[in-house]
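The values are calculated or read from the model by the stated rules, or taken from the named source; none is laboratory data. This is a predicted model, so every value here is computed, not measured. Heads up, the Cβs are rebuilt from the backbone with ideal geometry, glycines too, and the neighbour counts pull from every protein chain shown. For accessibility, only protein heavy atoms count, side chains too; no ligands or nucleic acids. Shrake-Rupley method; radii C 1.70, N 1.55, O 1.52, S 1.80 Å.
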Amino acid sequence: MIAGDVSVDTLRVGNLDLTNPTDVHYIGFDIFEDLFQPYGPSAIIRVDDFSDALGRYNINGKEKIKISISTEKNGAASFDLRCDTNRNIVDGSDRDTGALKYKVYDIHCISPEQLNAQAVGNIDKSYSDGMTVHAIMTDLVKNVGFVSDKPFICDDPTRPTRAYKAIGHPIKIYSELNDLAVSLGFKSSLYTLFVSDQKYKYCTIEKLCTMFSKFNYYQTTTLGTGATEEQKQYSITDINVNLSFYTTPRAKLNSRIKTYDLTTGKMCFPFSINMPEFIHLNNPYAKPLEKSPYNQIIPTLHDRTNTKNPTDVATARLNREAYYAHFVQNYAEMTILGNPNIKLGDVINIYL
């Protein structure tokens with residue numbers, strides 16, 4: 001977002017108000033949100049500390065960090081963050097050659113959930129047979145891993161899984177659960193966990209892409225002459241579209257790939273690999289060529305006499321690989337006027 005088009009309503013580290021020019025001056029700050037970052041938002045605040053506020057307020061890195069911004073027409077957004085370690089802030093004053101009370105330093109901020117995960121360390125917990133993956137993920141986020149007080153929402157329920165043993169760091173367990181997640185409603189099962197509007201959301205990318213657009217953005221050269229107020233307010237300053245946009249993706253699938261059959265407990269080759277058809281923002285997924293190795297029939301090692309209920313994890317993994325390859329090649333980067341109303345995971349219509 002362009003500098004100066006938002007109002008900084010709150011920028012506070014503990015009791016230190018960074019918007020108070022008599023104590024300290026902030027040079028600027030960046031807030032980062034990522035759809036594939038389960039720990040939530042992070043930020044970097046650059047501080048021009050001309051009055052030794054770091055020492056006078058005894059800032060030691062354990063303070064809560066509050067950031068809130070707003071615009072005249074596009075609402076507000078707020079962030080509740082923490083310093084990124086439990087150690088004191090490193091201000092670099094030992095490397096200064098001038099007055100040691102005058103400092104310029106960066107405060108690196110992370111979510112409370114990421115700080116909690118540092119304290120939790122490794123997890124060792126068992127989950128019984130028949131639990132859904134999203135139920136286990138809820139426990140990971142709320143109780144044993146991230147220890148979050150944010151609401152947890154799953155818009156795309158998962159199928160039950162086998163008994164699961166959670167051992168290791170919370171981010172490792174998160175990755176393992178995503179590998180086991182099979183959606184009830186969508187083929188790809190490309191699940192993501194992210195924080196949006198102070199809520200944890202767990203769903204597939206396919207589910208996000210089926211939601212209605214909340215915003216329309218315009219790229220036009222006539223903003224000053226014949227543009228509407230909506231086009232002026234929601235104008236695109238610049239846009240960079242990837243060269244591979246809507247081209248046939250180079251999927252990482254391999255016709256001889258081995259997979260673990262959770263039904264029989266054996267390594268096997270898939271019985272057949274056909275590139276699945278997905279709909280991505282109303283655009284069909286490109287089909288493979290007729291002679292593609294993806295259409296070859298491969299002898300199976302599945303135990304077909306096994307009567308246990310299949311988990312469909314092996315099929316979901318193949319679909320996930322194909323959809324992800326399609327997803328990462330179809331992206332664009334654009335610069336717009338500040339709009340805190342846009343939340344992570346929203347769908348935007350772009351008119352060029």
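Data for the structure
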quantity	calculated
Pairs with Cβ under 7 Å, 6+ apart, first in segment 92-116 and under 30 Å from Leu140 (Cβ atoms), second at pLDDT 85 or above and of a type in the set (D, E, K, R)	Cys109/Arg82; Ile110/Arg82; Pro112/Asp80; Pro112/Arg82; Leu115/Arg82
Top-ranked residue of segment 71-86 - restricted to ones that are over 22 Å from the mean Cα position of the chain (by Cα) and crowded, with 18+ Cβ neighbours inside 10 Å, ranked as modelled with the highest pLDDT	Thr71
Checklist (1) surrounded by fewer than 21 Cβ atoms within 10 Å (Cβ to Cβ); (2) touching a residue at least 24 places away in the same chain (Cβ under 8 Å) applied to Cys203, failing item	(1)
Answer from Thr158, Thr210 - the residue that is free of Cβ contacts under 8 Å to residues at least 40 places away in the same chain and open to solvent by 60 Å² or more (accessible area, probe 1.4 Å)	Thr210
Filter result (surrounded by fewer than 17 Cβ atoms within 10 Å (Cβ to Cβ) and modelled with pLDDT of 75 or more) within segment 303-320	Asp312
Segment 163-195 - residue that is touching a residue at least 60 places away in the same chain (Cβ under 8 Å) and surrounded by fewer than 17 Cβ atoms within 10 Å (Cβ to Cβ) and, of those, nearest to Val120 (Cα to Cα)	Ile171
Per-region count, segment 321-339, residues open to solvent by 60 Å² or more (accessible area, probe 1.4 Å) and not in a helix (DSSP H, G or I)	3
Qualifying residue in segment 137-152 (condition: open to solvent by less than 10 Å² (accessible area, probe 1.4 Å), in contact with a Phe, Trp or Tyr (Cβ under 8 Å, 6 or more places away or on another chain), more than 16 Å from Gly40 (Cβ to Cβ) and among the hydrophobic types (A, V, I, L, M, F, W, C))	no
Matching residues, segment 1-52, being among the aliphatic types (A, V, I, L, M) and out of contact with any strand residue (DSSP E or B) (no Cβ under 8 Å at 6 or more places or on another chain)	Leu16
Those residues of segment 9-53 which are open to solvent by 40 Å² or more (accessible area, probe 1.4 Å) and of a type in the set (A, V, I, L, M, F, W, C), in sequence order	Ile27, Phe29, Ile31, Phe32, Phe36, Ile44, Phe50
Candidate set: segment 87-115, residues that are open to solvent by 50 Å² or more (accessible area, probe 1.4 Å) and not in a loop (DSSP other than H, G, I, E, B); chosen: the one modelled with the lowest pLDDT	Asp94
Top-ranked residue in segment 117-147 [being of a type outside the set (Gly, Ala, Ser) and assigned to a strand (DSSP E or B); ranked as nearest to Asp312 (Cα to Cα)]	Thr132
Residue that is farthest from Ile27 (Cα to Cα), among those in segment 47-65 that are more than 29 Å from the chain's Cα centre (by Cα) and part of a strand (DSSP E or B)	Asp49
Flag for Lys66 being at pLDDT below 90, surrounded by fewer than 18 Cβ atoms within 10 Å (Cβ to Cβ) and over 30 Å from Ile167 (Cβ atoms)	no
Residue match in segment 66-84 (condition: touching a helix residue (DSSP H, G or I) at 6+ places or on another chain (Cβ under 9 Å) and under 20 Å from Asp346 (Cβ atoms))	yes
